[in-house]
Amino acid sequence: MIVNQWVPAAHRGDAIGDSARRVRDMLRGLGHDADVFALTVDDSLRDEIRSFDDAGATHGDLTVFHYALPSPMTEAFASVSGRRVLQYHNVTPAHFFADYDPALFRLAVLGRRELATLAGRVDLALGDSDYNRRELEELGFGDTGVLPIAVDTDRMARLARQPALERMLDDGLVNILFVGRMVPNKKIEDHIRLAEHYKRYVDADYRFIFVGRYDAVPRYFAMVRALMTELKMPADRFWFTGNVPDEDLATFYRAASAYVSLSEHEGFCVPLLEAMAADVPVLAYAATAVPETLGDAGVQFAPKNLEYAAELLGLLVYDDDLRASVLAGQRARLADFSDAAMRARLARLIARFS
């Protein structure tokens with residue numbers, strides 16, 4: 001069977017594009033003719049990703065369209081020959097951007113509006129979480145299911161060590177990690193407030209590390225920095241790294257005493273799996289798809305009481321018995337996202353259309 005995947009943009013390190021390439025390789029291993037097509041492709045991926053202009057893009061027996069933002073692919077997908085499977089990775093609700101970026105607000109509104117145009121025009125609509133699947137159902141998609149993002153959970157262990165960065169991080173401070181873009185739904189300001197509680201009630205020897213772009217929503221990041229000043233938080237205890245090479249990312253995970261997610265909107269949240277794969281205990285606000293991705297793993301809390309969260313964070317860092325128990329649970333949860341589990345899901349999907 002010819003199985004094509006469409007992604008609007010293919011960027012190395014992007015969760016959707018990385019998943020599509022991993023799925024492609026698994027499909028090829030199952031004996032299928034599989035490729036990924038994109039409108040824009042990083043130079044480093046041009047040997048792996050085919051241009052959407054390629055005639056082969058529309059000639060699949062089965063086409064899987066990864067949807068996360070509006071693009072010319074949407075209408076083309078609705079009329080492509082062969083069977084059509086939508087995989088929905090969620091669109092951040094527009095209200096998160098209302099106070100910070102009118103253009104992103106409009107893009108989010110258009111993204112959800114455009115998604116709705118595909119209802120009734122696909123053979124199967126998949127969310128990468130049940131949270132996303134339920135949203136598809138509410139929009140009027142009939143036949144729905146779940147196919148998680150394909151994550152290489154062994155990747156962190158394979159990446160080369162970075163001795164210089166390791167020495168910088170091994171200076172006696174407790175490293176608390178977050179990975180992702182600095183955007184409003186991630187609630188980075190709540191990390192700053194959490195740090196203030198942690199410093200006051202738990203430990204003054206801390207460092208909060210934020211790995212990911214901080215220039216996507218400049219007004220939002222300026223608000224975060226202003227909050228740090230307002231709370232009189234020492235700037236040297238907060239490290240905003242921007243994008244980093246994979247080897248550095250792995251080093252930050254290895255050096256972390258805990259991973260914290262305070263996001264209020266996630267369709268899946270790949271860094272939770274990366275943290276678990278790196279054997280970093282996770283503390284997460286239990287919102288949207290986060291409880292589904294973690295399952296029974298990590299330490300989850302709700303409602304969002306940051307003083308309580310600071311106490312939980314201190315226990316994760318310093319209570320060896322709790323830490324060992326949490327890590328054991330996380331290792332067990334990772335089995336649900338193994339390559340074997342993903343291949344089995346793909347085999348069932350293909351069998352449905354064979």
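Take the Cβ-Cβ distance between residue 43 and residue 230 as r, set R0 to 35 Å, and report the resulting FRET efficiency rounded to the nearest 0.05.
Approximately 0.25, to the nearest 0.05.
Once you've got the GNM for the chain with C-alpha springs shorter than 10 Å, pick whichever of 55, 258, 116 has the biggest mean-square fluctuation.
Among 55, 258, 116, the largest GNM mean-square fluctuation belongs to 55.
Net charge around residue 307, counting only other residues with Cβ within less than 10 Å of its Cβ (Lys, Arg = +1; Asp, Glu = -1)?
Net charge around residue 307: 0.
About its Cα centre, what dipole magnitude does segment 155-336 give when the only charges are +1 on Lys and Arg Cβ and -1 on Asp and Glu Cβ, stated in debye to the nearest 20?
That gives a dipole near 440 debye.
Give a residue-ordered list of calculated ³J(HN,Hα) values for segment 308-320 (Karplus: 6.51 cos²θ - 1.76 cosθ + 1.60, θ = phi - 60°; whole Hz; x for Gly, Pro).
Residue by residue, segment 308-320 yields 5, 4, 4, 5, 4, 4, x, 5, 4, 6, 10, 8, 4 Hz.
Can you compute the label reach from residue 51? Point 7 Å from Cα along the Cβ direction, backbone N cut-off under 20 Å, restricted to segment 75-89.
Output list for this probe position: 76-77.
Placing +1 at every Lys and Arg Cβ and -1 at every Asp and Glu Cβ, with all other atoms neutral, what dipole size does the chain have around its Cα centre, in debye to the nearest 20?
Its charge dipole is roughly 360 debye.
Whole number please: convex hull volume per residue, Cα atoms of segment 155-336, in Å³.
Dividing the Cα hull volume of segment 155-336 by its residues yields 111 Å³.
Please list, in order along segment 138-146, the HN-Hα scalar couplings obtained from phi with the Karplus expression 6.51 cos²θ - 1.76 cosθ + 1.60 (θ = phi - 60°), rounded to whole Hz, x for Gly and Pro.
Result, ordered by residue: 5, 7, x, 6, x, 8, 10, x, 10 Hz.
At 7 Å along the Cα-to-beta-carbon direction for both residue 264 and residue 138, put a label point, then send me their distance in nm to one decimal.
For residue 264 paired with residue 138, the spin-label model returns 1.6 nm.
Given a Förster distance of 35 Å, report the FRET efficiency between residue 320 and residue 213 from their Cβ-Cβ distance, rounded to the nearest 0.05.
About 0.50, to the nearest 0.05.
Per-residue ellipticity at 222 nm for the chain, helices alone: DSSP H runs ≥ 4 residues times -39500 (n - 2.57), over residue total, nearest 500 deg cm²/dmol?
-12500 deg cm²/dmol
Which residues does the label zone of residue 348 cover in segment 69-90, counting backbone N under 20 Å from a point 7 Å along Cα→Cβ?
84-89
Working out 0.36 nm times the residue gap between residue 279 and residue 243, then minus their Cα-Cα distance, what length gain in nm do you get to one decimal?
So the extension gain works out to 10.8 nm.
I want to check the label-to-label distance for residue 171 and residue 79. Put each point 7 Å from Cα in the C-beta direction and report it in nm to one decimal.
Using points 7 Å along Cα→Cβ, the separation is 5.9 nm.
What area, in nm² and to one decimal, does the C-alpha convex hull of the chain cast on average over all directions?
17.4 nm²
Between residue 109 and residue 1, what length in nm is gained on full extension when 0.36 nm per residue of separation is reduced by their alpha carbon distance?
35.3 nm
Counting only the backbone N, which residues of segment 247-272 are under 19 Å from the spot 7 Å out from the Cα of residue 157 toward its beta-carbon?
Residues 247-256, 271-272 qualify, since their backbone N sits under 19 Å from the label point.
Quick note: the coordinates plus some simple rules give every number you see, no bench work behind them. As the structure is a computational prediction, the values presented were derived from the model and not from experiment. Positions of Cβ are generated from backbone atoms using ideal geometry, with glycine treated the same way; all protein chains shown enter the neighbour counts.
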